[in-house]
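Just below is one structure, and these are the notes that go with it.
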Amino acid sequence: MSTLRSRTLIAFLLLATIVLTSCQQASGSKISASDAWGRSSPMMAQTGAMYVVIENQGNESDRLIGAASDAAKTVEVHESYMEGDMMKMRPVEGGLEIPAGGTVELKPGGYHIMLIDLVSPLEVGTKIKVTLKFEKAGDVPLEVEIREQ
Amino acid sequence: MNVEESTRAPKRPTWFFILWAVFSLFLLAGIVYLAWSLLNPYSFHGVVMQSPQKARDFTLTGHNGQPVSLKDYSGKIILIYFGYTTCPDVCPTTLADLHTARESLGQLGDQVQVFMVTVDPERDTQAVLADYMSHFDSSFIGLTGSPEQIAEVATYYGIYYERAEGNSTLGYLMDHTATVMAIDQDGYLRLVFPFGTAAQDIADDLNYLLER
Ligand SMILES: [Cu+2]
């Protein structure tokens, strides 16, 4: 009787462990975003850029696969980089990897969130809404302060 | 007599020694400073052009439609950058840094003229250029011209640019050399600032050129 009980208990504990572990694996990417800011844009500018520091405190890597904003019709994840003497800017193909336990800093002259077809100019002191879309973590909404630089 | 001398003698050398020590310390400091400044003249943050050459003059169209030549600005330091306004990352960063550098020079900043030559004349109309430049600094001047004129000026200055058909909603993108070139008051090409040179470093270099 007592052996049966303890066996049931062990079986239950094992099951619970498996369930909990698999739950944790499913949410193995834990994304947090900080220091979001956007650069003010000239009156006639069609484009703008915003930057943010993305941290993945989970145990599984994730990808920033896109973004949306109320401030622009299209939002893309871009990278500026030097190739030889040339400065190039391209959309990031296949999303930007945020490694497990890692931090990726989006900053001027590197990765940035590109706002295309601005609804209105980005003015210093105002805030815009941007939602980052991750492959695993899903939507991460941001309030982005517009600054001069 | 012998006693007197022996008591006085140690007194004078002490004073002498202290005075001499102070004097020679100052002298030494002076010599070291002089030698140091002779051996280590100001070291520029920007890349220094070896055997600087006179910058070739050109005439392009300013963002208000006026013809602009380098010779119109001789006596000033001219900073030339090639970029395009659809660029929201590298070009604004550079122009904002140039504005900060100019500001931090105070009054001397008036002696610095910034030009951005568009490498995308198709999208960068005069109106767009005027709006873009004034956003960063009311003294900045955007320059445009025919694609041939722009290509010619870029070639003079060793600037490369190329249209890249990307898969961005933006349509085509421009790859371009993102350096800032500095022409001194006498029209010599002196410095090249790579992308990302800190505004204060640029200001220090310009300040040195202006105060020499
Ligand atoms: Cu971009």
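The values are calculated or read from the model by the stated rules, or taken from the named source; none is laboratory data. Remember, predicted model here, so these are calculated numbers, not experimental data. Because the Cβ atoms are built from the backbone with ideal geometry, glycine has one as well, and the counts that use them run over all protein chains shown. To get the accessible areas, we keep the full protein, side chains included, count just its heavy atoms, and leave off ligands, DNA and RNA. Shrake-Rupley method; radii C 1.70, N 1.55, O 1.52, S 1.80 Å.
I need the peptides B:90-97, B:73-80 ranked by packing, meaning the mean over residues of other C-beta atoms within 10 angstrom, with the highest value on top. Write down the numbers at each step before the final one.
Details: B:90-97: 24.2, B:73-80: 18.1.
The packing order, highest mean first, is B:90-97, B:73-80.
Set the Förster distance to 56 Å, then compute FRET efficiency between residue B:14 and residue A:53 from the Cβ-Cβ distance, nearest 0.05. Could the numbers behind the result be given before it?
Working: r = 65 Å, r/R0 = 1.16.
My answer for the efficiency is 0.30.
Mind listing, in residue-number order, the residues in the range B:86-120 that have at least 50 Å² less accessible area with every protein chain present than in their own chain alone (1.4 Å probe)?
For the range B:86-120, once contacts with the other chains are taken into account, B:88, B:89 lose 50 Å² or more.
Find which of B:46, B:67, B:178 sits farthest along the positive direction of the dipole of chain B, computed with +1 on the beta-carbon of Lys and Arg, -1 on that of Asp and Glu, about the Cα centre.
In chain B, that residue is B:46.
Report the gain in length on full extension from residue B:104 to residue B:127: 0.36 nm times residue separation, minus Cα-Cα distance, nm rounded to one decimal.
5.4 nm
Cut-off 11 Å, label point 7 angstrom out along Cα-to-Cβ of residue B:163: give me the residues of the range B:95-125 whose amide nitrogen falls inside.
Only B:120-123 fall inside the zone, counting backbone N under 11 Å.
So what is the 222 nm mean residue ellipticity for the protein assembly as shown from helices alone, if each DSSP H run of at least 4 adds -39500 (n - 2.57) and you divide by all residues, rounding to the nearest 500 deg cm²/dmol? Please list the in-between numbers first.
On the way: 6 runs with 112 residues, N = 361.
Computed ellipticity for the protein assembly as shown at 222 nm equals -10500 deg cm²/dmol.
Measure off, as a whole percent, the carbon and sulfur share of the 1.4 Å-probe accessible area of the protein assembly as shown, all protein chains present.
On the way: 11190 of 19520 Å².
Using a 1.4 Å probe with all protein chains present, the protein assembly as shown comes out at 57 percent carbon and sulfur.
Cα atoms only, the protein assembly as shown: Rg and Dmax in Å?
Considering the protein assembly as shown through its Cα atoms, Rg and Dmax are 30.6, 122 Å.
Residue by residue through the range B:178-191, what is 3J(HN,Hα) from phi via Karplus (6.51 cos²θ - 1.76 cosθ + 1.60, θ = phi - 60°)? Round to whole Hz and write x for glycine and proline.
So the J values, rounded to whole Hz, are 10, 8, 10, 9, 10, 10, 7, 4, 8, x, 8, 6, 10, 9.
Using each residue's phi in the range A:39-44, evaluate 6.51 cos²θ - 1.76 cosθ + 1.60 at θ = phi - 60° and report the 3J(HN,Hα) Karplus result to the nearest Hz, with x for Gly and Pro.
After applying 6.51 cos²θ - 1.76 cosθ + 1.60, I find 8, 4, 10, x, 3, 8 Hz.
Only bridges whose two residues both fall in the range B:47-211 count here: according to DSSP, what percent of them are antiparallel, nearest 5? Spell out each step's value before the answer.
Values: 20 of 30 bridges.
The answer is about 65 percent antiparallel.
Count charges around residue B:177 for me, please; just the other residues with Cβ under 12 Å from its Cβ, Lys/Arg as +1, Asp/Glu as -1.
On the way: positive: A:88; negative: A:83, A:85, B:162, B:175.
Taking every other residue near residue B:177 into account, the sum is -3.
Can you list the residues, at least 5 places off or on another chain, whose amide H is less than 5 Å from the amide H of residue A:67, using H built in the peptide plane?
Placed amide hydrogens put A:133 under 5 Å from residue A:67.
Within the set of other residues whose C-beta is less than 14 Å from the C-beta of residue B:137, count the net charge using Lys and Arg as +1 and Asp and Glu as -1. Could the numbers behind the result be given before it?
Working: positive: B:102; negative: A:148, B:97, B:103, B:110, B:131.
Taking every Cβ under 14 Å from that of residue B:137, the sum is -4.
As I understand it, the value is the acute angle between the Cα axis of helix B:147-156 and the longest principal axis of the Cα atoms of chain B; what does it come to in degrees, rounded to 10?
So the helix axis and the longest Cα principal axis differ by about 20 degrees.
Take every DSSP beta bridge whose two residues both sit in the protein assembly as shown, then give the antiparallel share in percent to the nearest 5. All intermediate terms of the calculation are to be shown ahead of the outcome.
Values: 64 of 77 bridges.
That works out to approximately 85 percent antiparallel.
Run the quick spin-label model on residue A:105 and residue A:90: label points 7 Å from Cα toward the beta carbon, then report their separation in nm to one decimal.
Using points 7 Å along Cα→Cβ, the separation is 2.4 nm.
Distance from the Cα centre of the range A:127-148 to that of the range A:61-125, in angstrom?
A separation of 11 Å, based on Cα centres.
Based on Cβ point charges of +1 for Lys and Arg and -1 for Asp and Glu, what charge dipole magnitude is obtained for the range A:31-147 about its Cα centre, in debye rounded to the nearest 20?
Details: 11 positive and 18 negative charges, 57 e Å.
The calculation lands at about 280 debye.
Roughly how big is the protein assembly as shown's charge dipole about its Cα centre, with Cβ charges of +1 (Lys, Arg) and -1 (Asp, Glu), in debye to the nearest 20? List each step's numbers first, then the result.
On the way: 26 positive and 43 negative charges, 232 e Å.
Here the size comes out at about 1120 debye.
Would you mind checking which residues have amide H under 5 Å from residue A:137's amide H? H placed 1.01 Å from N; only 5 or more apart, or other chain.
Long-range HN contacts for residue A:137: A:63.
In the range B:129-146, what residues drop by 50 Å² or more in accessible surface going from the chain by itself to the full protein assembly, probe 1.4 Å?
B:131, B:135
Would you kindly give the portion of the calculated P(r) for the range B:47-211 that falls above 27 Å, as a percent of all Cα pairs?
Working: 2365 of 13530 pairs.
Here the tail beyond 27 Å accounts for 17 percent of pairs.
When only C-alpha pairs under 8 Å and at least 6 residues apart count, what is the relative contact order of chain B, in percent?
Values: 295 pairs, mean separation 60.5, N = 212.
Reported relative contact order: 29 percent.
Of B:197, B:114, B:166, which is farthest towards the positive pole of the range B:47-211's charge dipole, taken about the Cα centre with +1 and -1 on the beta-carbons of Lys, Arg and Asp, Glu respectively?
Ranked along the dipole, the leading option is B:114.
Between residue B:42 and residue B:139, with labels modelled 7 Å along Cα→Cβ, what's the label distance in nm to one decimal, could you check?
Placing both labels 7 Å along Cα→Cβ, they lie 1.7 nm apart.
For the pair B and A, how large is the buried accessible area, both sides, in square angstrom to the nearest 100, if the probe is 1.4 Å? Before the final figure, lay out each step's value.
Numbers: alone 12500 and 9380 Å², together 19520 Å².
What B and A bury together is about 2400 Å².
Quick one: which residues, 5 or more positions from residue A:58 or on another chain, have an amide H under 5 Å from its amide H? H modelled 1.01 Å from N in the peptide plane, none for Pro or chain starts.
Under 5 Å from the amide H of residue A:58 lie the amide H atoms of A:30, A:101, each far enough along the sequence or on another chain.
Where does helix B:90-104 land angle-wise versus the long Cα axis of chain B, in degrees 0 to 90, nearest 10?
Approximately 40 degrees, to the nearest 10.
Need one value for B:171-178: mean number of C-beta atoms belonging to other chains within 10 Å of its residues' C-beta atoms. Could the numbers behind the result be given before it?
Details: counts 1, 0, 5, 4, 8, 5, 5, 7.
Partner Cβ neighbours, averaged per residue: 4.
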